[in-house]
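The values are calculated or read from the model by the stated rules, or taken from the named source; none is laboratory data. Keep in mind the model is a prediction, meaning the values are calculated, not measured. Please note: Cβ atoms are built from the backbone with ideal geometry, for glycine as well, and neighbour counts cover all protein chains shown. Only protein heavy atoms, including side chains, enter the accessible area calculation; ligands, DNA and RNA are left aside. Shrake-Rupley method; radii C 1.70, N 1.55, O 1.52, S 1.80 Å.
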Amino acid sequence: MSGTLLCLTLTLASAICEPPLYPSAPSPYTTWVQDGQARAVIVAPEPPEAGRDPGAELQHYLQAISGAKLPLLRQPAPGKPQIFVGGQPALQRLGTDWAQLKLGRDGFLFRTVGPDVVIAGETNFSTLLAVYAFLERHLGCRWYWPGKIGEVIPQRQTVAVGRLDETHRPDFALRWVGSGDWALHNGCNVNTKQPGEFRTKYFVHTFARLLPADEYFDQHPEYFPLINGRRVRPTKERPQVNLCTSNPGVAEAVARTIDRLLEADPSLDMISVDPMDTQTFCQCDACRALDEPGAPYERKVSRRLVLFYNRVGELVRRKHPELLLKSIAYHSYVAPPADASLRLGPNNVIQFCRFQCHSHSLNDSNCPLNAGFNRWLIGWTKICDHVMLYEYYYKASWVGLPWPIVHTLRADLPYFKRLGLMGLATQYTSGMATNGLDFYVAAKLLWDADCDVDALLDDYFSRFFGPAAAPMRKYHDLLERRALESGVHLAGQRPYGDIVRFFTPETMTALEACIAEAEAAARGDDNVARRVAVMRTGLEYTKLCLDYLGILQRGLGARARLPWGGTADRSTIPPEAESAAKRIDELLRSPRAKGALVPYNTYTQLFLSPENVARNFVSDGLPADIIVLRKTDWLKQQDREIGPTKQPETFALWIYGNDLDTDEGKPEHPLSLRDRGGKWVSIGGVAPEGENGNRRNRCFVLSGLKRGQFPPRDLELRVENAVGGPYASHFYAFYLMPDSLKLSTDQATALLENHLDWVRAASAGFTEYSFRGLRSDDGDQDIVPLTWLGLPAKPPPIPSRH
């Protein structure tokens with residue numbers, strides 16, 4: 001935001017002025033409405049076809065404020081003060097041209113010229129933004145939530161404005177929060193349904209749209225991915241299929257599709273060119289040759305995709321040099337390639353997916369998740385001129401519970417501005433009880449990243465909740481503190497254990513007290529009472545979810561404390577879980593849920609399945625491939641010493657994971673340890689012959705490993721997944737254990753799942769990964785570090801039941 005803030009007086013019937021949100025200095029003013037009677041006219045050109053009329057919008061809201069309907073003229077008519085709203089008449093009144101004003105695509109101005117006022121942007125769309133900004137900044141209108149319930153229109157019989165000289169430009173070129181009127185009212189410029197907005201085609205995961213199988217597969221199966229030795233066609237049952245991006249014909253076909261899309265709609269600014277929502281990519285030799293050898297999961301296929309994006313960008317640029325091509329950075333391509341020679345083309349956009357953590361700002365170096373995401377984001381800015389965010393200001397996996405991230409937004413958006421990002425798009429929901437304030441603050445920061453968030457919050461609670469402002473502010477602040485103090489990283493894909501950790505009984509009691517106080521304060525004010533009722537619905541939903549999770553947690557017992565999913569079976573699910581899920585379902589389907597709660601979605605269905613929740617009841621919420629614990633760290637946490645140790649002649653390796661089984665009688669995953677001479681020595685594989693861990697968690701034991709064959713302290717374990725192997729397995733943990741235990745797979749699994757700390761204490765060392773573990777895909781080779789500390793000289797007694 002730039003320019004001099006206005007000098008404005010809004011005169012009430014009682015001649016008392018209400019302080020505006022944005023401070024202003026006293027000055028002479030011109031009266032537009034006096035005692036409910038129009039004293040000025042609006043001058044605005046005809047809007048473009050299908051476009052909203054900025055002059056009519058100003059007329060509508062001035063009438064809603066004062067009761068007076070100002071005349072709307074299409075040409076100037078001197079005699080009364082005139083309000084010039086955009087177009088050529090406004091420009092003529094200013095006595096200049098757009099080039100001199102340098103407003104940019106979405107910028108606008110408010111300027112007093114004699115007795116008249118000009119409210120204008122260069123286009124009809126930017127003039128609409130100007131009108132809504134003027135109504136907000138200087139007439140007190142607000143659109144906190146979508147619909148009438150979220151609208152605040154002050155009532156004044158007299159409206160007068162002081163002398164104006166302001167210019168406003170957004171800090172971000174792309175501002176995509178929500179849609180329709182609410183987005184437009186709050187300065188966003190995508191999905192507003194208005195001509196002149198920033199026009200995009202598709203959101204994400206577009207390969208199937210850009211190269212339709214019905215059009216190409218029969219003639220060109222080689223355009224589609226080679227998976228396990230055959231070319232795979234997308235189907236209704238399996239739509240998430242990527243492309244063979246090394247094939248030159250694929251880039252050419254995609255470029256032809258983009259050409260057709262632009263011919264059909266020349267107003268497009270950007271088209272999405274994204275992989276599908278799967279981490280299975282083409283396995284042909286040509287595609288694999290483009291990958292970086294040994295690349296970690298986060299940039300496993302980044303290089304092949306950047307090369308493909310560049311090729312498509314080059315082809316499209318020849319005919320459409322201004323069109324932007326947006327591609328996401330996500331999961332196995334969230335990090336930029338290490339290849340220093342690569343750079344994205346001038347029409348390529350990288351949309352970086354920051355899917356965790358929202359409890360902390362992205363550049364918070366103390367957050368182990370964001371440290372990596374921040375490093376990767378900065379890496380993309382170094383090789384791409386246009387970088388934007390795919391954000392999660394609503395995240396479906398949090399199953400529609402309160403999402404208190406305003407503290408993160410106020411730190412992130414100024415940081416994104418400093419990085420020079422072009423903007424962001426966020427996932428969005430109609431659940432205002434849980435996400436409404438987040439969306440409002442995000443929209444305001446996208447326009448002005450340096451705005452005063454404290455003033456914004458004061459304004460929100462005082463205007464929106466009126467007599468209930470104080471308890472509703474307490475409600476908000478309490479949740480924000482929990483996000484910072486709970487230790488939960490908002491939010492993993494199956495964060496059921498984290499939900500219980502976040503919403504403690506003490507927290508829920510305090511939240512209930514806030515809502516009860518707000519309900520009492522709102523009596524007699526119907527508008528405020530309706531808004532508080534929305535928040536009450538959100539709290540009731542949260543209570544029901546916690547009741548349900550508490551039942552499942554009690555059924556799981558010790559297994560609920562494990563950091564991995566997949567440990568439950570039907571026997572662990574109490575019968576009352578079904579009725580608890582039904583109560584949640586009934587609330588979600590009730591009329592009062594509309595607009596208050598997140599609508600039904602895939603994550604809702606998963607959440608209301610007790611078996612699914614029990615299988616995924618985990619506690620850390622961290623993404624896969626992060627080592628969260630080694631024995632040295634665990635000893636510090638437990639305030640323990642290593643103590644006396646012994647060095648046995650042989651030891652056992654325990655491998656705990658999900659979907660570790662055999663393929664045609666052979667272990668799916670060969671395992672090797674590096675010996676003292678640096679050579680890899682085969683130690684067998686998982687699952688061992690005769691064992692099966694298909695689609696379940698199992699702990700396999702490899703015995704008889706010679707201690708003297710391997711390094712004294714730092715060991716390296718190689719985990720392989722042969723080409724053509726399983727879609728994906730997940731390794732959760734590796735333990736260096738006494739060979740003398742001689743436990744079967746079933747016994748070791750039961751011991752670990754019921755007495756995890758005993759296993760940790762009895763080990764010579766271990767490496768544990770987070771929730772989804774170390775993911776092993778087809779063709780992967782992963783190195784697991786293990787530190788040998790020595791077996792305890794006095795091992796802890798074995799638990800009696802395992």
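Between ARG713 and LYS794, 0.36 nm times their residue separation minus their Cα-Cα distance comes to what?
27.2 nm
For the range 397-463, with equal point scatterers placed on the C-alpha atoms only and solvent neglected, what are the log10 I(q)/I(0) values from the Debye formula at q = 0.22 1/Å, to two decimals?
-1.00
What value does the chain have for Rg/Rh, both radii from Cα atoms and Rh as Kirkwood defines it?
1.03
Viscosity 0.692 mPa s, temperature 37 °C: Stokes-Einstein D of the range 725-802 from its Kirkwood Cα radius, in µm² per second?
In µm²/s, the coefficient rounds to 235.
Work out the FRET efficiency for ASP214 and ASP265 from their Cβ-Cβ distance, taking R0 = 25 Å, and round it to the nearest 0.05.
So the FRET efficiency works out to roughly 0.70.
Sort 392-403, 739-750 by packing, meaning the average of other beta carbons within 10 Å per residue, with the highest value first.
The peptides rank, most packed first, as 392-403, 739-750.
Between THR632 and SER486, what is the spin-label point distance in nm, taking each point 7 Å from the Cα along the Cα→C-beta axis?
According to this spin-label approximation, the distance is 3.3 nm.
Could you check how much of the accessible area of the range 46-143 is carbon and sulfur, as a whole percent, using a 1.4 Å probe?
The value for the range 46-143 is 50 percent carbon and sulfur by accessible area.
Express the carbon and sulfur contribution to the solvent-accessible surface of the range 437-508 as a percent, rounded to the nearest whole number, probe 1.4 angstrom.
That share works out to 52 percent.
I need the phi-derived Karplus couplings for the range 149-165: 6.51 cos²θ - 1.76 cosθ + 1.60, θ = phi - 60°, integer Hz, Gly and Pro marked x.
Result, ordered by residue: 5, x, 8, 10, 10, x, 10, 9, 7, 10, 10, 9, 10, x, 6, 10, 7 Hz.
Order these peptides, 154-164, 127-137, by their mean beta-carbon neighbour count within 10 angstrom, highest first.
My ranking of the peptides, most packed first, is 127-137, 154-164.
Considering the options SER246, GLN283, PHE308, tell which one lies farthest towards the positive end of the dipole of the range 226-310, charges being +1 on Lys and Arg and -1 on Asp and Glu at the Cβ, about the Cα centre.
Of the options given, the answer is GLN283.
What ranking do 632-644, 457-469 get when scored by the average of other Cβ atoms within 10 Å per residue, highest first?
457-469, 632-644
Could you work out the pair-distance distribution P(r) of the range 350-491 from its alpha-carbon pairs, with 5 angstrom bin width and percents rounded to whole numbers?
2, 10, 19, 23, 21, 14, 7, 3, 1, 0, 0
Search the structure for amide H atoms under 5 Å from the amide H of ALA329, placed 1.01 Å from N in the peptide plane, and list their residues when 5 or more places away or on another chain.
The list, which skips near neighbours in sequence, is GLN351, PHE352, CYS353.
Determine the gain in length on full extension of the stretch GLU322-ALA99; use 0.36 nm per residue of separation and subtract their C-alpha separation, reporting nm with one decimal.
Computed gain between GLU322 and ALA99 is 78.3 nm.
Considering only the other residues whose Cβ falls under 15 Å of the Cβ of ASP448, what net charge follows from Lys and Arg at +1 and Asp and Glu at -1?
Local net charge: -2.
Can you tally the net charge around GLY107? Count Lys and Arg as +1, Asp and Glu as -1, for every other residue whose Cβ sits under 14 Å from the Cβ of GLY107.
Overall, the nearby charge balance is 0.
Give the percent of DSSP beta bridges with both residues in the chain that are antiparallel, rounded to the nearest 5.
Antiparallel bridges make up about 70 percent of those DSSP assigns within the chain.
Based on DSSP H runs of at least 4 residues, each adding -39500 (n - 2.57), what is the mean residue ellipticity at 222 nm of the chain after dividing by all its residues, to the nearest 500 deg cm²/dmol?
-10500 deg cm²/dmol
Given the range 206-271 reduced to its alpha-carbon atoms as identical point scatterers, what log10 I(q)/I(0) does the Debye formula return at q = 0.14, 0.16, 0.21 Å⁻¹?
The calculated log intensity ratios at q = 0.14, 0.16, 0.21 Å⁻¹ are -0.43, -0.55, -0.85.
Around LYS543, what is the net charge, scoring Lys/Arg as +1 and Asp/Glu as -1 over all other residues with Cβ under 12 Å from its Cβ?
Counting the neighbours of LYS543, the net charge comes to -1.
If the reach is capped at under 13 angstrom between alpha carbons, list the aspartates and glutamates near LYS706, excluding any in the same chain fewer than eight residues apart.
GLU649, ASP675, ASP739
Short version: what are the Cα gyration tensor semi-axes of the range 155-310, square root of 5 times each eigenvalue, largest first, in whole Å?
Square roots of five times the eigenvalues give 43, 18, 14 Å.
Using a probe of 1.4 angstrom, how much of the accessible area of the range 692-772 is carbon and sulfur, in percent?
The nonpolar share, carbon plus sulfur, comes to 46 percent.
May I ask you to give the solvent-accessible area per residue for the chain, in square angstrom, as obtained with a 1.4 angstrom probe?
It amounts to 40 Å² per residue over the chain.
Treating only the Cα positions of the range 521-562 as identical point scatterers, give the base-10 log of I(q)/I(0) from the Debye formula at each q in 0.33 Å⁻¹.
Computed log10 I(q)/I(0) values: -0.98.
With r as the distance between the Cβ atoms of ALA520 and GLN63 and R0 = 22 Å, compute the FRET efficiency 1/(1 + (r/R0)^6) and round to 0.05.
Approximately 0.05, to the nearest 0.05.
For a distance above 27 Å, tell me the whole-number percent of Cα pairs in the range 285-431 that qualify.
26
Which of SER179, LEU377, PHE503 sits farthest toward the positive end of the charge dipole of the chain, with +1 on the Cβ of Lys and Arg and -1 on the Cβ of Asp and Glu?
PHE503
Obtain the nm distance between the two label points defined at ASP385 and ALA513 by a simple spin-label model: each point lies 7 Å from its Cα along the Cα-to-C-beta direction.
Going from the ASP385 label point to the ALA513 one covers 5.7 nm.
What is the ratio of the Cα radius of gyration of the range 495-594 to 2.2 N^0.38 Å, with N the residue count, to two decimals?
With N residues counted in the range 495-594, Rg over 2.2 N^0.38 Å equals 1.30.
Select from the chain the helices, each a whole stretch of DSSP H, whose alpha-carbon atoms run 27 Å or more along the helix axis and whose Kyte-Doolittle mean is at least -1.0; answer none if there are none.
Once both thresholds are applied, what remains is 526-556.
In Å and from the alpha-carbon atoms only, list the Rg and Dmax of the range 234-316.
Rg then Dmax for the range 234-316, in Å: 14.1, 43.
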